[in-house]
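Structure first, then comments.
Please treat every number below as a calculation from the coordinates, not as lab data. What you see is a predicted model; the values in this text were computed from it and never measured.
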Amino acid sequence: MGNVFGPVPSRRLGNSLGINLTPLKTCNYSCIYCQLGKTTNFTNERKEYIPTKSIIEELNYAIKTSNIPIDYITFVGDGEPTLHSGIGDIIKWIRDTYQNKYKIAVVTNGSLFYLEEVREELMDVDLILPSIDAPDEKKYKLINRPIMNVEYNEIINGLKIFAKNFKGKIWVEIMLIKDVNDSKEDIEKIAEIIKSINPIPEKVFINVPVRPPVEKWVKIPDQESLAYALKIIPNSSSIAFREEGEFDISRYKNSIEAILDITEKHPLRLEQAMKIISEFNEDKEKVLDKLKEKLNIVSYDNEKYLEIIK
């Protein structure tokens, strides 16, 4: 377990079978809003972090044993998936093995689209979900805190080049943060960036930090800012709500294994964890007591969440 997880309910993708291509928190960003904690392996090196063959074997097993219909096979997880040098080979294997039975999505911070090799490797997927959080270079460094010495305009230009040749769909996600990028001026600048992509992305999701962020000062913006973004930004809709749905736990031996594995990549609300314990018909108090060694329960936005102890 660990490289492939789910299917899990996604606000954008329905039932998403996730593929994790890097060790925990291997990324070239250290975003202030990240739900998975601080970046511990801060790198911009592309390499085979986890053996490609192992990922393919686990993915094949997960597809064949899933008890929940799969809407998307999604490259996402503990870090930036495009850092893995074998992502193109895995995409090709899915296509060769399952043809068009499953849609393929890549959730990415978009940081490596300036590399031609990355653009080529992602050409055969159905859906790309890049992030555009910043209106300019200064806010880019404040929000995303990148490791690489690449100008923000170069990253956006890479996405523009990709969009011109890509036959699939591009859905952009914007994380709005109170008093950081939620002013009218910033929202208008982000809208202009979106409009400069040709063709304009089919969907633009306006997100807010609904799960506990790594930086405790990060806050959910006011409804007025969200409403203005939805008005100004083309093809936009809000995903500023908590996901609902079932988790496929059929491949886990017990609730502790399921909760720990899922929480590492997809932070659970306490109520979701309790439901998983119930599905295994285990004693809730005993399980929660054992989980205290690995997890904290934190309160955020009037909800209780499980958080991996780092």
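Hey, can you grab everything whose amide H is under 5 Å from the amide H of residue 303? Only 5+ residues off in sequence or another chain; H modelled, so Pro and N-termini drop out.
The list, which skips near neighbours in sequence, is empty: none.
Let me have the relative contact order for the range 52-200, percent, based on Cα pairs under 8 Å that are six or more residues apart. Let's see the in-between values first.
Numbers: 169 pairs, mean separation 33.1, N = 149.
Dividing the mean separation by the residue count of the range 52-200 yields 22 percent.
Check which residues have an amide H placed less than 5 Å from residue 197's amide H, if you skip close sequence neighbours.
none
Quick one: plug the Kirkwood hydrodynamic radius of the chain (C-alpha pairs) into Stokes-Einstein at 4 °C, 1.567 mPa s, and report D in µm²/s. Don't jump to the answer; show the numbers that get you there.
Details: Rh = 19.9 Å.
Once the numbers are plugged in, D ends up at 65 µm²/s.
What list of ³J(HN,Hα) values in whole Hz, one per residue of the range 67-84 in order, does the Karplus curve 6.51 cos²θ - 1.76 cosθ + 1.60 (θ = phi - 60°) give from phi, with Gly and Pro shown as x?
Using θ = phi - 60°, the values come out as 8, 10, x, 9, 7, 9, 8, 10, 7, 7, x, 7, x, 8, x, 6, 5, 7 Hz.
Report ³J(HN,Hα) in whole Hz for each residue of the range 216-233, in order, from the Karplus equation J = 6.51 cos²θ - 1.76 cosθ + 1.60 where θ = phi - 60°; Gly and Pro get x.
5, 7, 5, 10, 6, x, 5, 4, 5, 5, 4, 5, 5, 4, 5, 6, 8, 7
What are the ³J(HN,Hα) values, in whole Hz, obtained from phi via the Karplus relation 6.51 cos²θ - 1.76 cosθ + 1.60 with θ = phi - 60°, for each residue of the range 177-193 in sequence order, with x given for Gly and Pro?
Once rounded to whole Hz, the list reads 10, 4, 6, 10, 9, 9, 6, 4, 4, 5, 4, 5, 5, 5, 4, 5, 4.
Quick query: amide H of residue 74 versus all other amide H atoms, modeled in the peptide plane; which residues come in under 5 Å with a sequence gap of 5 or more or a different chain?
Here the answer is 17, 18, 19, 105, since their amide H atoms fall under 5 Å of that of residue 74.
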